Amino acid sequence: AEPNNMLFSMVIDAWSQPTKINRSKGPENAEALLRRMIEYTDSGKLRKVTPNTIVYNSVIHAWSRASHRPQAPYRALEILQGMRARAFAEGMVDQSICPDVITYTTVINAFAQQANIEKAEEVFEMMFQDYNDYGNEAARPDE
């Protein structure tokens, strides 16, 4: 049987859980699986493997839990930026991969845990941009 999104999502989610082993290498392993999914999607190797919002959120969540590592929020932000690039490529909006409120609040929280309020606010502004400029309803701030 061919691997699918559910299988990848389960393993990525496992790497995002706070365990002793995951504390040292969980985020990197989750991110490596995301990169592999992207490679499979772009090459057409696996038809049932396409990273979506849930998969990206799991990887971002893994990095956000690594608050003891100074680069963690920046890695979460880089993944968010890659997600946005794929979601809003060539003037089109791919709803299956659009960042949502969970995506943004997870990255904001990662910066807030390290008291980097300026970066947290920058991500907050990105969320508004996605909603206002791209019509991304999933990024609509709560009223």
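The values are calculated or read from the model by the stated rules, or taken from the named source; none is laboratory data. Just so we're clear, the structure is a prediction, and the values are computed from it rather than from any experiment. With ideal geometry, Cβ positions are generated from the backbone for all residues, glycine too; neighbour counts draw on all protein chains shown. Please note that ligands, DNA and RNA were not included when accessible areas were found on the heavy atoms of the full protein model with its side chains. Shrake-Rupley method; radii C 1.70, N 1.55, O 1.52, S 1.80 Å.
Comparison of ILE108, ILE97 shows that the only residue that is β-branched (Val, Ile, Thr), more than 15 Å from LEU34 (Cβ to Cβ) and within 13 Å of the chain's Cα centre (by Cα) is ILE108. Scanning region 103-140 for residues that are assigned to a helix (DSSP H, G or I) and within 14 Å of TRP63 (Cα to Cα) yields THR103, TYR104, THR105, THR106, VAL107, ILE108, ASN109, ALA110, PHE111, ALA112, GLN113. Annotation: ALA120 fulfils all but one of (1) within 25 Å of PRO141 (Cα to Cα); (2) free of Cβ contacts under 8 Å to residues at least 40 places away in the same chain; (3) open to solvent by 40 Å² or more (accessible area, probe 1.4 Å); the unmet one is (3). When VAL93, VAL107 are checked against the criterion of being surrounded by fewer than 18 Cβ atoms within 10 Å (Cβ to Cβ), touching a helix residue (DSSP H, G or I) at 6+ places or on another chain (Cβ under 6 Å) and under 24 Å from THR41 (Cβ atoms), a single residue qualifies: VAL93.
Looking only at residues of region 61-81 that are among the aliphatic types (A, V, I, L, M) and assigned to a helix (DSSP H, G or I), we find that the one that is surrounded by the most Cβ atoms within 10 Å (Cβ to Cβ) is ALA62. Looking across region 95-125, the residues that are within 15 Å of THR53 (Cβ to Cβ) and of a type in the set (A, V, I, L, M) come down to ILE97, VAL101, ILE102, VAL107. Sub-6 Å Cβ pairs linking a first residue in region 80-109 that is of a type in the set (Asp, Glu) to a second residue that is surrounded by fewer than 20 Cβ atoms within 10 Å (Cβ to Cβ), at least 6 apart or interchain, are ASP100/THR53; ASP100/ALA138, ordered by first then second residue. Reported count of residues in region 39-60, each being within 16 Å of VAL101 (Cβ to Cβ), open to solvent by less than 60 Å² (accessible area, probe 1.4 Å) and part of a helix (DSSP H, G or I), is 5.
The rows are residues; the columns are (1) touching a Ser or Thr at 6+ places or on another chain (Cβ under 9 Å); (2) of a type in the set (Ser, Thr, Tyr); (3) closer than 28 Å to ASP142 by Cα.
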| site | (1), (2), (3) |
| --- | --- |
| GLU2 | no, no, no |
| ASN5 | yes, no, no |
| MET10 | no, no, no |
| ASN29 | no, no, no |
| THR53 | yes, yes, yes |
| ILE60 | yes, no, yes |
| MET83 | yes, no, yes |
| GLN95 | yes, no, yes |
| ILE102 | yes, no, yes |
